[in-house]
Structure formats: C-alpha cells, structure tokens
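Report on the structure given below.
The values are calculated or read from the model by the stated rules, or taken from the named source; none is laboratory data. Since the structure is predicted, the reported quantities are computational estimates derived from the model, not experimental observations. Because the Cβ atoms are built from the backbone with ideal geometry, glycine has one as well, and the counts that use them run over all protein chains shown.
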Amino acid sequence: MTSPASSSAPSHVAPSHIVVIGAGIVGVATAYELALRGASVTLLERREGAGLETSRANGGQLSACEVAPWAGPEVPGLILKWMGRDDAPFRLRLKPDPEQWLWLMRFLSRCRASARAERVLPNLQLALLTRARLDAYRAAFAGRGETFDMDHAQNGILRVFRDRHGLAEAREGMARMDAAGVEQRELSPTDCVALEPALAAAFQKDEIAGGIYCPSDGMGDAHLFCRELAAAAESLGVRFRAGEEVEAIEVHDGKTTGVRLADELVAADAVVVAAGPMTARLLRPLGVRLPVYPVKGYSVTLPLEEEAGPMAPNVSVTDEARKVVVSRLGNRLRAAGQAEIGGYDLTLEMPRARSVFQALTGLMPQMNPLEARAEYWCGLRPMSPDGSPVIGELAARSGPIQGLFVNGGHGTLGWTMGAGSAAALADLICGSAPQLDLTPFSHKRFSF
Ligand SMILES: Cc1cc2nc3c(=O)[nH]c(=O)nc-3n(C[C@H](O)[C@H](O)[C@H](O)COP(=O)(O)OP(=O)(O)OC[C@H]3O[C@@H](n4cnc5c(N)ncnc54)[C@H](O)[C@@H]3O)c2cc1C
C-alpha cells in the first residue's frame, strides 16, 4: 500500500485490514478500488449476493449532465400540488419519526436556486471521475481477455421538455457544463425525433418543445456491474461474504476495531459504511448523525422481443414533464421514476409502479403491447438533503473515531457517481491524495 503523500490524506497510518459494509454499487466499487491499491479487504453484504437492494433495477442512466440536486425552488410547490394523488411522481408520507422530520427540514432549506447551483460542480466532478473509472474497469477486464458485461452503451442522454419554460431553465445549466468541458446540444423538436425515432408519437402529439442532448452520457445495468465487479474484486483478494448482516460497528478508545455479526466479530482497523439507505441507522449507535434518508422509487423492465427491438429507443431519454427516465439495457428496456419520502417500507404498491409504466407508454405508446411481460421493482434511494454523497472519515459528536469512513447518500445519482466516490475514498484511506477535492462531500457540512 502507498504511504501518506499529501496534506489531504488522513493523519493515521494506512489500515492493515478494512471491512466494507454493503455490496451495492458504492460498496463493491469501494472494495475493488481498495484492493487495486493493495489493501486487505472484507466486503460484507446482508443479502445473498451483490447489487440486490437499491442497485438492483435503477434507471440505468450514467448522467454526468444531470447532476443537479432534486431540492430546488419548484419542489415545495410540487409537493403541495401532488398531495393526495396516488400516481403522483412525488409523494410525502409523513411519519411520527424525528429522523424524517429533521431530514425534511434540511431538504426544504435546500430548496433554493443558489443551494442547487452550488452542488452541480462537485457532483459533476464525481460523475466525470466515475466515467474514467468505468473506462478503466472495462480496460482491465479487456486486458485479461474478458468482457465487463454490464449492458453498457454510450449513446448519450436526451432530456425532453414539454414547455419552453422548462427548456429555458435547463439552457442556463448548459453554460456551466460547457465551462467544465462537457458538451451538450440544444435540439429542436424535429431534431429530437431525428436523433431518437422512438419519440415520434410524442412529437406528433405536440408534447416536445425541445431537448438537450449530452452525447457523452450513457447507460448500463447497475446490478450486472455489482455482480461482475464483486467477482473481479474477489480475484484481487477481497473476501466477499454474502448473507452476513453487520449488527454493530465496534469502536474502542476512539478507534474502530471491527464489526459484529450475529455470531462473530470481524476485526478491522478501518470500516467503510456503504450500506445505502441503512447507512445512517448503522452509524447512529456510535453517536454519528448523518442525514441520509430513504426516498422510494419504482422501475419497470420490459424484455425487448425481436419485433419490439426496433420500436425501442437507443438513446437514454429523460422526460422532464412525466418525471421518468428510460434506458435500453441490452435486450431490455427500463423506465424509472417516482419519489416517495415515506420511511423504510419497501412494499411494492402497484398503482405507483404502474404509473411508471404509464409514463413510459405516454411518451412511447408503441411499448404498450409489452405490458404483460413488465417486471416491476421498487428501491430506496439513500438521499442526503443537498443531493451530494457523504464521503470521507467520520467523527462522532464526542470526538473523532479513527478508522471510521462513510461512502453513502448518493441518492438519485449512485450509478452516476458511485465508482468515482469509491476511487477518491480509496485514495484517502490508502494515504494518497484523492483524485478530487473531497471537502464538498464531508459530513461536516451538515453540522448545523
Ligand atoms: C427507481 C430508482 C431509479 C434510479 N435511477 C438512477 C439512475 O438512472 N442513475 C443513477 O445514477 N442513479 C439512479 N438511482 C440511484 C442509485 O440506484 C442509488 O444511488 C445506488 O443504487 C445506491 O447504491 P448504494 O451502494 O449506496 O446502496 P445499495 O445498492 O442499497 O447497497 C447497500 C447495500 O448494503 C447492504 N446492507 C445494508 N445494511 C447492511 C448491514 N447491516 N450489513 C450488511 N449489509 C448491509 C444492503 O443489503 C445493500 O446491498 C436510482 C434509484 C432508484 C430507486
């Protein structure tokens, strides 16, 4: 392992054994990146394999061009407008739960244009680092004569707008992306259909006022990614133990000493909590308060039979009016949407699941005949109130805890930002200068 090389590296020596909790996109990538740096790593996952919770069936978008947080000036109005509607894209279910109320207060305090704008650049840097890391993973697989099979396609993402007002607002963000070297193009309604013929019906219904296309964005299957990368991590020496639930993180005299399973203590001098929506709950007994709260979403996956293939889009599409994203993942089509702030409940409610299918077929009615084969899914986005993840070493209210790290709270963008945050955190833990400034992702930003 490399020795500490910069002032931004933690003060302690590089750990001799690291436990990573959680084998979703973020935890698997963290374990892999640590192993690449020569670290000794155990990856613990409570489910029977990798990528079976929030990373199971997300929207598939690798969307560097869409990294703005959800919290924004229009959100409080939308919550009120959609209140009481079962199929609304956004739903607030208030619980008698202080964790939810505190999170909501923080979220609402971020519903300002300036707060949204300040998060775009840090998120974009993570997304661009993720792109670079995914390229590096593919190259490493290719170097071994293997294919990194994650149904990846870099056909770009097209955001379509129903009204000129939404388009005008999005246009303002283009300058920022341009300055960061990420190309976006504004497209007329006709150009949108020329680029993606699957939008023809929406165009004919006069539902497209224009679009913004980012050619360098892409799509891919996060579940396949988790499975493939977990296997690659094992071949680098990571001990991947599925079916092992961490009950507690052990800390003695201000130092992390390992984790407790049902009938075993796993010793470690560093622990990375990458437990998705469970991150805050695992940390709370240690006196660490992180505002990471679940926001439930739904997806529908359609197998593309031979005759359906030509009718399906090749470009990933975000329908800004219907609040749904559509990605083609090999021989499947995935649509995802819905945001419900309502606790940890994972019940799949059919009216809400079907509303994602209806949003898809509202945009692309030619997909209607595939309804009988639709597979519905829901998952909990691990959301921070400001739309950026929390990455780095943690401290409790009572003082620092040596060797306790977090990589969580990626919310709506865990696929887009996960591998980059894993690489930066692995640098930090192993004592080299992180490839990007981690200050904007520190947990300290929430200490008010
Ligand atoms: C409907 C929907 C659509 C989305 N679309 C997109 C998209 O298009 N693009 C994008 O970038 N992002 C998208 N996301 C967000 C993205 O999927 C998430 O940010 C990402 O999956 C979070 O990954 P994670 O590794 O942090 O969490 P998870 O995938 O939930 O992984 C955490 C793991 O920790 C394990 N775990 C928890 N507690 C314990 C414990 N005590 N012991 C052991 N293991 C534990 C869990 O079992 C789980 O496997 C979407 C999310 C949803 C719900």
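Details
- For GLY60: the one exception among (1) farther than 26 Å from VAL182 by Cβ; (2) in contact with a strand residue (DSSP E or B) (Cβ under 7 Å, 6 or more places away or on another chain): (1)
- Within region 306-319, residues that are within 25 Å of LEU187 (Cα to Cα) have Cβ atoms under 9 Å from residues that are acidic (Asp, Glu) in these pairs: PRO313/GLU196; ASN314/GLU196; VAL315/GLU196; SER316/ASP217; VAL317/GLU196; THR318/GLU66; ASP319/GLU207, counting only partners at least 6 apart in sequence or on another chain.
- Checked against the criterion of being more than 20 Å from GLY38 (Cα to Cα), within 11 Å of the ligand (Cβ to nearest atom) and of a type in the set (Gly, Ala, Ser), region 220-232 has at least one qualifying residue.
Table: residues versus (1) among the small types (Gly, Ala, Ser); (2) farther than 22 Å from ALA419 by Cα; (3) surrounded by fewer than 14 Cβ atoms within 10 Å (Cβ to Cβ).
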| residue | (1), (2), (3) |
| --- | --- |
| GLN100 | no, yes, no |
| TRP103 | no, yes, no |
| SER109 | yes, yes, yes |
| ARG112 | no, yes, yes |
| LEU124 | no, no, no |
| LEU128 | no, no, no |
| ARG133 | no, no, no |
| TYR137 | no, no, no |
| GLY143 | yes, no, yes |
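- Any pair with Cβ under 7 angstrom, 6 or more apart, that starts in region 87-100 at a residue that is more than 17 Å from ALA71 (Cα to Cα) and ends at one that is of a type in the set (Ser, Thr, Tyr) and at pLDDT 90 or above: ASP87/SER355; GLU99/TYR293
- Flag not set for LEU370, criterion: farther than 24 Å from ILE25 by Cβ, more than 12 Å from the ligand (Cβ to nearest atom), in contact (Cβ under 8 Å) with a residue 12 or more places away in the chain and buried (at least 24 other Cβ atoms within 10 Å of the Cβ).
- The selection criterion, being aliphatic (A, V, I, L, M), assigned to a strand (DSSP E or B), in contact (Cβ under 8 Å) with a residue 12 or more places away in the chain and under 30 Å from ASP149 (Cβ atoms), does not hold for VAL259.
- Only helices (runs of 4 or more DSSP H) whose full extent lies in region 147-207 are considered here, and the ones with at least 2 residues that are farther than 30 Å from GLY309 by Cβ are 164-179.
- Test: residue in region 291-302 that is hydroxyl-bearing (Ser, Thr, Tyr), closer than 30 Å to PRO400 by Cα and either away from the ligand (no atom under 11 Å from the Cβ) or modelled with pLDDT of 95 or more (or both): yes
- Meets criteria (under 25 Å from PRO434 (Cβ atoms), in contact (Cβ under 8 Å) with a residue 12 or more places away in the chain, in contact with a strand residue (DSSP E or B) (Cβ under 6 Å, 6 or more places away or on another chain) and surrounded by fewer than 24 Cβ atoms within 10 Å (Cβ to Cβ)) for ILE401: yes
- Checking the stated criteria, TYR344 turns out to be aromatic (Phe, Trp, Tyr), within 13 Å of the ligand (Cβ to nearest atom) and not in a strand (DSSP E or B).
- Considering region 25-45, and only residues there that are in a loop (DSSP other than H, G, I, E, B) and touching a strand residue (DSSP E or B) at 6+ places or on another chain (Cβ under 8 Å), the residue that is surrounded by the most Cβ atoms within 10 Å (Cβ to Cβ) turns out to be ALA39.
- Unmet criterion (only one of (1) surrounded by fewer than 20 Cβ atoms within 10 Å (Cβ to Cβ); (2) hydrophobic (A, V, I, L, M, F, W, C); (3) at pLDDT 95 or above) for CYS226: (1)
- Members of region 249-278 that are of a type in the set (A, V, I, L, M) and under 19 Å from GLY418 (Cβ atoms): VAL271, VAL272, VAL273, ALA274, ALA275, MET278
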